[in-house]
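What follows is a set of notes on a single structure, which appears directly below.
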Amino acid sequence: MATYKCFKCGKKITSNLLEKRFLCPGCGSKIFYKPRTTVARIKAV
């Protein structure tokens, strides 16, 4: 299950809500992006 974010209003949307229609339930926008997760950086040994 992927989580997307609406480009226009910023609402988080799961892929379950996008199965029927690819529209934001908040504002009706069709533009989404997948937010990047933060990566933990460690020093090399």
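Table for the structure above
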| read-out | value |
| --- | --- |
| Test: residue in segment 32-45 that is modelled with pLDDT of 90 or more and either surrounded by 11 or more Cβ atoms within 10 Å (Cβ to Cβ) or touching a Ser or Thr at 6+ places or on another chain (Cβ under 7 Å) (or both) | no |
| Among residues of segment 1-31, those that are exposed (fewer than 13 other Cβ atoms within 10 Å of the Cβ), in a loop (DSSP other than H, G, I, E, B) and among the basic types (Lys, Arg), counted | 3 |
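The values are calculated or read from the model by the stated rules, or taken from the named source; none is laboratory data. Bear in mind that the values here come from a model prediction, so they are computed numbers and not experimental data. With ideal geometry, Cβ positions are generated from the backbone for all residues, glycine too; neighbour counts draw on all protein chains shown.
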